[in-house]
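Colleague: Below you will find the structure I want to go over with you.
The values are calculated or read from the model by the stated rules, or taken from the named source; none is laboratory data. Just so it is clear, the model here is predicted, and its values are computed rather than measured. Here Cβ is always computed from backbone atoms with ideal geometry, including for glycine, and neighbour counts include all displayed protein chains.
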There are 2 protein chains.
Amino acid sequence: MSDPKNIKRRGMMLVLSSPSGAGKTTISRKLLERDDNLKMSISATTRAPRPGEVDGEDYIFMSDEKFADMVNKNEFLEYATVFDNSYGTPFGPVEAALKMGKDVLFDVDRQGTQQLHGRAGDDLVRVFILPPSKDELECRLRWRDQDSEEVIITRMAQASDEMGHYDEYDYIVVNVDREDSVDDVHTILKAERMKKTRRDGLYDFVRGLCK
Amino acid sequence: MSDPKNIKRRGMMLVLSSPSGAGKTTISRKLLERDDNLKMSISATTRAPRPGEVDGEDYIFMSDEKFADMVNKNEFLEYATVFDNSYGTPFGPVEAALKMGKDVLFDVDRQGTQQLHGRAGDDLVRVFILPPSKDELECRLRWRDQDSEEVIITRMAQASDEMGHYDEYDYIVVNVDREDSVDDVHTILKAERMKKTRRDGLYDFVRGLCK
């Protein structure tokens, strides 16, 4: 018999956002290591592959024409153009994963999150990661880059701007300790999996209990 | 300095429901032991205290007149009359606990949950506990009581009826293993605490990060 806890369910789309320096990248990596049912979304891009990058793993590399065609056909969950290069999340592979009950992690910015929210509705869970204090954020920014004072000041201003939009997210994690924060995001993921609305096998399961 | 993870928040009201025999009582007790910030709600009742019951601990014992007066003043979050006795949850102590950031656990039936939902809105988190299989439910009902076949059949029918309303809850926990189920409900509780909407100290916290 199959595991009764494992009721058929639709996967979710998980977005982690944070101002740069607040720890998002590390938390994402550790979360993926820890949870077999969570997969990183792979973006399409029109930029050229860098040495070592593998098509279909790091990015789906495509021409400007192909990208424009997919935009026209509404085949991106979200997309953006940064300088001369376009980046986007193709709808097809994400939908296939969700249907199989896999959860998909996204590395997108605020605008990307807003686009996802518009298309995905309740499939989307948005987590915002905050630094524990202003000093700590500044310290992490300085430690990460050997940049000029001017660059640091600009980054701090950007971070402030991003943090001001915490209200557009569902959950807030304060990143005091990295391992604790991985636990926190994992806790959110595990709780969301138990939500009635995701578990579309419940009707059949309860019917089996009642007949 | 205070713990930055401990952003001021409003408590939540947690309802655990299950058909009898599915394990609710044990899970509630273990959850209360494990989590210091969760308190059991104390009901008011018009029935006489039983030997050993302490007023204000087991129940708030009150006269029919006092109870009726509180009903008229809309001072119960939910109430019901069972045979000759009335039971209800006074609004005041629960609201005081929520304001202090304490979470409150309720032991109420389906009708009680519906009444709470009407008054509490997003303060309320509803968890339904299902048995892993029909055989397991029947086994637990038989083990618990040395009752006649007729009584068991009636209980199974009641359980089926209750389980048919799983759709009125937010989260579903399948109780395969008791300790796992305590973990599951605790996971839900911890995730809900990180919800942006409960953390009313966030605005000030983020302002402190940005200034």
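Colleague: Let me confirm something: among B:Leu38, B:Leu14, which residue is touching a strand residue (DSSP E or B) at 6+ places or on another chain (Cβ under 6 Å) and closer than 16 Å to B:Gly112 by Cα?
Modeller: B:Leu14
Colleague: Considering each of B:Asp55, B:Asp84 in turn, give the residue that is at pLDDT 95 or above and of a type in the set (Asp, Glu).
Modeller: B:Asp55
Colleague: Considering only residues of the range A:200-211 that are touching a strand residue (DSSP E or B) at 6+ places or on another chain (Cβ under 8 Å) and at the interface with chain B (Cβ under 7 Å from one of its Cβ atoms), which is nearest to A:Leu16 (Cα to Cα)?
Modeller: Selected residue: A:Leu202.
Colleague: Moving on to the next point. If B:Glu150 passes every condition in (1) under 30 Å from B:Asn6 (Cβ atoms); (2) more than 10 Å from chain A (Cβ to nearest Cβ) but one, which one does it miss?
Modeller: For B:Glu150, the failing item is (1).
Colleague: A follow-up question, please. Restricting attention to the range A:116-126, does a residue exist that is modelled with pLDDT under 90 and more than 14 Å from the chain's Cα centre (by Cα)?
Modeller: Within the range A:116-126, one or more residues are modelled with pLDDT under 90 and more than 14 Å from the chain's Cα centre (by Cα).
Colleague: Among the residues of the range A:171-211, count how many are in a helix (DSSP H, G or I) and more than 19 Å from the chain's Cα centre (by Cα).
Modeller: Kept after step one, since they are in a helix (DSSP H, G or I), are these residues of the range A:171-211: A:178-193, A:196-198, A:202-210.
Within this subset, residues satisfying the condition of being more than 19 Å from the chain's Cα centre (by Cα) are A:196-197, A:202-210.
Within the range A:171-211, residues that are in a helix (DSSP H, G or I) and more than 19 Å from the chain's Cα centre (by Cα) number 11.
Colleague: Show the residue pairs that are 6+ apart or on different chains and have beta-carbon atoms under 8 Å apart, the first residue being within the range B:34-54 and under 21 Å from B:Arg10 (Cα atoms) and touching a residue at least 24 places away in the same chain (Cβ under 8 Å), the second being of a type in the set (D, E, K, R) and surrounded by fewer than 17 Cβ atoms within 10 Å (Cβ to Cβ).
Modeller: Note: pairs meeting the criteria are B:Asn37/B:Lys102; B:Leu38/B:Lys102; B:Lys39/B:Lys102; B:Met40/B:Asp107; B:Ser41/B:Asp107; B:Ile42/B:Glu57; B:Ile42/B:Asp58.
Colleague: How many residues are free of Cβ contacts under 8 Å to residues at least 24 places away in the same chain and within 20 Å of A:Asp107 (Cβ to Cβ) when one looks only at the range A:60-70?
Modeller: Final tally of qualifying residues: 3.
Colleague: Would you point out the residue of the range B:171-203, among those that are free of Cβ contacts under 8 Å to residues at least 24 places away in the same chain and under 17 Å from A:Tyr171 (Cα atoms), that is surrounded by the most Cβ atoms within 10 Å (Cβ to Cβ)?
Modeller: Checked the range B:171-203; the qualifying residue surrounded by the most Cβ atoms within 10 Å (Cβ to Cβ) is B:Ala191.
Colleague: Right, something else. Restricting to the range A:97-144, name every residue that is more than 14 Å from every other protein chain (Cβ to nearest Cβ), of a type in the set (D, E, K, R) and farther than 23 Å from A:Thr187 by Cβ.
Modeller: A:Lys99, A:Asp109, A:Arg110, A:Arg119, A:Arg142, A:Arg144
Colleague: Taking the options A:Thr187, A:Thr197, name whichever one is at the interface with another protein chain (Cβ under 8 Å from one of its Cβ atoms) and among the polar types (S, T, N, Q).
Modeller: Answer to the check: A:Thr187.
Colleague: I would also like to ask the following. Regarding B:Lys73, is this residue of a type outside the set (Gly, Ala, Ser) and surrounded by fewer than 16 Cβ atoms within 10 Å (Cβ to Cβ)? Show your work before the answer.
Modeller: Details: of a type outside the set (Gly, Ala, Ser): yes; surrounded by fewer than 16 Cβ atoms within 10 Å (Cβ to Cβ): yes.
Yes; evaluated as a whole, the condition is true for this residue.
Colleague: Counting only residues that are in a loop (DSSP other than H, G, I, E, B) and within 14 Å of chain B (Cβ to nearest Cβ), which one in the range A:21-57 is surrounded by the most Cβ atoms within 10 Å (Cβ to Cβ)?
Modeller: Taking the candidates together, the pick is A:Ala22.
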